[in-house]
Amino acid sequence: MKRMKYVKIIFIVFTLFPFHLSAETAEEKGLRIAKASYENGRGFTDMVSDQLMILIDPKGNEVTREVSGKTLENLDPNDGDKSLTYFKTPKDVEGTVMLSHTHISDDDDQWLYLPALGRVKRISSSNKSGAFMGSEVAFEDFSGTDYRKYEWKFLGEEVENNETFYKLESYPNYENSGYSKRISLIDNLNRTHKLDFYDRKGELLKTLYLEDYVLYKDKIWMANTMKVENIQNKNITILKWLNRELDVGINKKDFEKSSILRLAD
Amino acid sequence: MLKKYIISFLFLFLQYLVASQNASAIDYKAYGFIQPEITTFLNGDGRHDQSNSNQSIFVKGTFITYLNDGDQKITINTTGRIDEKDSERSYIDFQKLKYEQYFDDITLKIGNELIFWGVNESFNIIDIINQSNLAEDISGTKKFGQPMISLNYNHSYGNFDLFIMPFFKERIFPGRNGRPRLALEVDKSTVVYESSSKKNKIDAAVRYSTVYDDYDIGIAHFYGNNRSPELNVNPLSQKLDAYYPILSQTSLDIQSTKGAWLYKLETLTAKNGEERHFGIAGGTEYTIYGLRETTSDLGIIVEYTFDDRNDFAFNNEGVLALRWTKNDIKSTSLLAGLVADMSGSSNRFFAEFEQRIRDDLKVFIDMSINGEIDADDFTYAFEEDSQLTLKIAKYF
């Protein structure tokens, strides 16, 4: 009973002095919003989808790549998700399978099956800044969605297209990143709409737009279109998620190295 | 003969499986490519009077279907070649013609299969399940499908594989007009086996493999007809007689992946006929990502192999290679390097370039240049076979 009393007192003290909240630093506020934004997309358990990657060069030439994949959410908050990707086009890579076990602070574990070699190879995943399949998307853009991979700072509010966004700055805290900082615009439902990437020299490199947000399971927001505009080389990459399904009940063992051969040709 | 019946039976069984499905429910993938190749030999006509050029067409077709919600899988993977000069190099092979049944932790597999063991880029000394096709590629990396019944048990401690392999296939060597080829022809009519059941011997193998942190580890044992025969000159026929001893090989392979560094090791001890030998091969691969602020990567590969048999062709060899990957839309890449006998009796330079030139076309340029080779070295017969090959693959 005595303890209850203390709790009550503490509660009263906190409600009486709301200025305590405003004492939140820009870093704390940035982290809080980034965490909420990240958690917006969590709780999916597992996911299957087909993906299109459209590459457009400055002359307007277009190439479309198709992959299908599944992802297993890691319920351990201190470790990353697992994903299995099957490549359909271009035709010379058809049948390629990539398995990736992402980690929050360590390098990811990645295995690749190439039909031309007919063997499963463990590959290095330290090429964080490398381009994925010749696109404007870097490996770290896929594996680096966890808010804990960055230091955050709240910069203020910004109005764009009559909508007010939180403006956040983030700096990668892992090695070998190709970025010096990122600036994100997040709406009041904690969905990221725009992300500017600055290269190691501090120059604006590319802008990512997240569109076609869909609400899954009444609580999870996922963007089904992402568009990356590279400011420096003028290339554009569009990613589209088709037939996305959540919580379909995928076997955990499908994400083990030995299971790659069940998908392989 | 029996093998033909079994293949026909397997085909009928697969047909039955496919036919027994609800037609609209069948989901399959089918793809492949056809690849014309032109080779020119840089030293003119060959040491064994072979032509200074060759043309060839290589094809590969793949068909995969999953049945009963993915519990069963059928894979057909066929390769073949029509070669202008060497009839031994013209062939068709079912690399994979297999039926798989997936239980919770167990996979049962019946049919032709390719099984690769090892981690190295160049010296795959422990890879033993499949027979090599030396007519297709003298370095032995091209293999034939091996008929087998195999069981895989996926336990939390790792994977256990059992392979039972009937129908031994003799090694295929380049024919008279093949280039490169051995100095003498291999006589197909005088093949001798150590095993009294000869080619009908049923071979067996077990393998345990696991992933522990940054380490991928495999331990395996093989018992059966050696895929690699001993070749002895027959003074009467002036041909090579092939002798296949029984091989009992225990092997270990480890890869450690530490950031941009890969460390690789394959080692084996084996009793081949009456004699025991030891082999070790390994090395490292380091990749520089984003070479000079571009999107290109440069990999540096160094590997070495040692075998304690003095008369073995690859008992003390090293390779130094560079792999450049441009990471562009065209998937441009170049692999080039030097293979050298560390005792100094032979060396070879090679380069392999590839680039996608259209969504369904890819071009490959392979070059192989032989340096000085001592007359007593096994590769002396290939000394004048430096070549340049252009391949264009059309994908379907």
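The table for this structure:
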quantity: Residues of region B:209-232 classified as within 14 Å of chain A (Cβ to nearest Cβ), hydroxyl-bearing (Ser, Thr, Tyr) and under 21 Å from the mean Cα position of the chain (by Cα), total; calculated: 1
quantity: Failed criterion for B:Gln101 (all others in (1) more than 14 Å from chain A (Cβ to nearest Cβ); (2) exposed (fewer than 15 other Cβ atoms within 10 Å of the Cβ) hold); calculated: (1)
quantity: Enumeration of residues in region B:182-208 that are part of a strand (DSSP E or B) and either closer than 30 Å to B:Val119 by Cα or within 14 Å of another protein chain (Cβ to nearest Cβ) (or both); calculated: B:Asp203, B:Ala204, B:Ala205, B:Val206, B:Arg207, B:Tyr208
quantity: Scope region B:333-371; condition surrounded by 15 or more Cβ atoms within 10 Å (Cβ to Cβ), over 21 Å from the mean Cα position of the chain (by Cα) and away from chain A (no Cβ under 12 Å); matching residues; calculated: B:Asp341, B:Ser345, B:Ser346, B:Asn347, B:Ile369, B:Asn370
quantity: Hits in region A:169-186 - residues which are under 19 Å from A:Gly41 (Cα atoms) and surrounded by fewer than 16 Cβ atoms within 10 Å (Cβ to Cβ); calculated: none
quantity: Residue satisfying all of: in region B:319-332; buried (at least 18 other Cβ atoms within 10 Å of the Cβ) and modelled with pLDDT of 95 or more; nearest to the other protein chains (Cβ to nearest Cβ) among these; calculated: B:Arg323
quantity: Region B:273-293 residues that are loosely packed, with under 15 Cβ neighbours inside 10 Å, paired with ones that are part of a loop (DSSP other than H, G, I, E, B) (beta carbon under 6 Å, 6 or more apart); calculated: B:Gly273/B:Glu194; B:Gly273/B:Pro245; B:Phe278/B:Asp308
quantity: Count of region B:326-350 residues which are under 17 Å from B:Pro180 (Cβ atoms) and assigned to a strand (DSSP E or B); calculated: 6
quantity: Hits in region B:346-379 (condition: touching a Pro at 6+ places or on another chain (Cβ under 7 Å) and either at pLDDT 95 or above or basic (Lys, Arg) (or both)); calculated: B:Arg356
quantity: Candidates A:Glu163, A:Glu245, A:Glu203, filtered to the one that is within 22 Å of A:Ile33 (Cβ to Cβ) and of a type in the set (Asp, Glu); calculated: A:Glu163
quantity: Any hit, region B:253-265, residues being surrounded by fewer than 18 Cβ atoms within 10 Å (Cβ to Cβ) and in a loop (DSSP other than H, G, I, E, B); calculated: yes
quantity: Scope region B:108-145; condition among the hydroxyl-bearing types (Ser, Thr, Tyr), at pLDDT 95 or above and either surrounded by 23 or more Cβ atoms within 10 Å (Cβ to Cβ) or out of contact with any Ser or Thr (no Cβ under 8 Å at 6 or more places or on another chain) (or both); matching residues; calculated: none
quantity: Selection status of A:Lys194, in contact (Cβ under 8 Å) with a residue 12 or more places away in the chain, closer than 30 Å to A:Asp106 by Cβ and either within 14 Å of chain B (Cβ to nearest Cβ) or in contact with a helix residue (DSSP H, G or I) (Cβ under 8 Å, 6 or more places away or on another chain) (or both); calculated: no
quantity: Set A:Ile220, A:Ile236, A:Ile250: member being within 21 Å of A:Ser100 (Cα to Cα), touching a Leu at 6+ places or on another chain (Cβ under 9 Å) and in contact (Cβ under 8 Å) with a residue 24 or more places away in the chain; calculated: A:Ile250
quantity: Tally, over region B:60-69, of residues that are out of contact with any Phe, Trp or Tyr (no Cβ under 7 Å at 6 or more places or on another chain) and either modelled with pLDDT of 95 or more or on the phi > 0 side of the Ramachandran plot (or both); calculated: 3
quantity: Single unsatisfied condition, B:Ile300 versus (1) within 14 Å of chain A (Cβ to nearest Cβ); (2) under 30 Å from A:Glu66 (Cα atoms); (3) in a strand (DSSP E or B); calculated: (2)
quantity: Residue that is surrounded by the fewest Cβ atoms within 10 Å (Cβ to Cβ) [pool: residues in region A:187-237 that are of a type in the set (Asp, Glu) and not in a loop (DSSP other than H, G, I, E, B)]; calculated: A:Asp212
quantity: Hits in region A:114-139 (condition: crowded, with 22+ Cβ neighbours inside 10 Å, more than 9 Å from chain B (Cβ to nearest Cβ) and not in a loop (DSSP other than H, G, I, E, B)); calculated: A:Ala138
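The values are calculated or read from the model by the stated rules, or taken from the named source; none is laboratory data. Just so we're clear, the structure is a prediction, and the values are computed from it rather than from any experiment. Cβ: placed from backbone, ideal geometry, glycine included. Neighbour counts: every protein chain shown.
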